[in-house]
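Quick notes on the structure that follows.
The values are calculated or read from the model by the stated rules, or taken from the named source; none is laboratory data. These numbers come from a predicted model, not from an experiment. Quick reminder, even Gly has a Cβ in these numbers, built from the backbone with ideal geometry, and neighbours come from all protein chains shown.
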Amino acid sequence: MTTQALVTRHPSDDKPERLDNATWYSPAADIMEDRDGFTLKLDMPGVRPADVDITYDDGVLSVEGKTPDSKRAADRHYLVHEYDIGPYRRSFSIRTPVDADGIEGHLKDGELSIRVPKAAEAKARKIAVRDN
Amino acid sequence: MLDLLYPVRMPLYDLHDQVSRLFEDFYREASPWMGEELNRFPAINIWEDGETSHLEVELPGVKMDDVEILVSGNQLKLVVQRREPENGKHTWHRRERLVGRFTRVLTLPWELNPDKVQARLKDGVLTADLSKADSAKPRKIKLLTD
């Protein structure tokens, strides 16, 4: 297994990205790998569990999240304005064969955790050495 | 042959030096800015709505017990602890989310009423209504006639 097993599609950048005449934000992500799979943690503050979409298609794991009040936030009279509110979108390319049916997402306190189990053939196995 | 090659190689070395210097300059110039960005965690918005102002802070993955808000005069101090993800045997591929203890101090243009600050933490967003202190509210001035 190399450290290149998981590659992000979009650059991690605080600046919003413009697609389809809409602004999307790339959520900050932690990616961990263990023997049995990958764990991704993404910062998606303000997103409710019902407003998250996770899809896996042909080696690409995509995450989208909608924030409820992005339009209202634009008209405010700000004294301190350090972030903008808008939908999140990010994709990850996974080169390791995974068990697509076993992918699970869990959103709590604005933190999305995704567990991606490896396919049986991709799991690390101990090889028995026989003595002739 | 060597003599012929030499003048050709020199500009290439120069170019290499120039490119290295360009990168060094970039990182030197970018580092204070990157530091400032780090100090901006967690990100804060404050907006005004008549006599009340509203605070909004992005705190994904932070528990209520790990947030402290202190109000004194016109200063608002926010202390936040974001904990490490659970320890286990794993390899890191990417680590973008900051962890640790963060303090932000903001100075507002008016005094706040600490008794009327109410804060909520929902879906990783902290919201609070910040009421102005009575001394900071506008008052009608009586006009005296001679």
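Before we move on, is B:E86 farther than 24 Å from A:D84 by Cα, in contact with a Gly (Cβ under 6 Å, 6 or more places away or on another chain) and either outside the structural domain of B:T52 (by TED's automatic domain parsing) or not hydrophobic (A, V, I, L, M, F, W, C) (or both)?
No, not satisfied.
Return the total of residues in the range A:22-65 being acidic (D, E) and more than 7 Å from every other protein chain (Cβ to nearest Cβ).
6
Out of (1) at pLDDT 90 or above; (2) more than 11 Å from chain A (Cβ to nearest Cβ), what's the single condition that is false for B:H16?
(1)
Which condition does B:W110 not pass, out of (1) within 28 Å of A:R90 (Cβ to Cβ); (2) in a loop (DSSP other than H, G, I, E, B), if it passes all the others?
(1)
Which ones in the range B:110-146 are closer than 24 Å to B:E68 by Cα, free of Cβ contacts under 8 Å to residues at least 60 places away in the same chain and among the hydrophobic types (A, V, I, L, M, F, W, C)?
B:W110, B:L112, B:V117, B:A133 - these are the residues of the range B:110-146 that are closer than 24 Å to B:E68 by Cα, free of Cβ contacts under 8 Å to residues at least 60 places away in the same chain and among the hydrophobic types (A, V, I, L, M, F, W, C).
Please enumerate the residues belonging to the range A:59-77 that are surrounded by fewer than 19 Cβ atoms within 10 Å (Cβ to Cβ), of a type outside the set (K, R) and modelled with pLDDT of 90 or more.
A:G59, A:V60, A:S62, A:E64
What number of residues in the range A:111-132 are modelled with pLDDT of 95 or more and either assigned to a loop (DSSP other than H, G, I, E, B) or among the polar types (S, T, N, Q) (or both)?
1
Take the residues of the range B:44-62 that are facing chain A (nearest Cβ under 7 Å) and out of contact with any Pro (no Cβ under 9 Å at 6 or more places or on another chain): which is farthest from B:G124 (Cα to Cα)?
Across the range B:44-62, the extreme among qualifying residues is B:E48.
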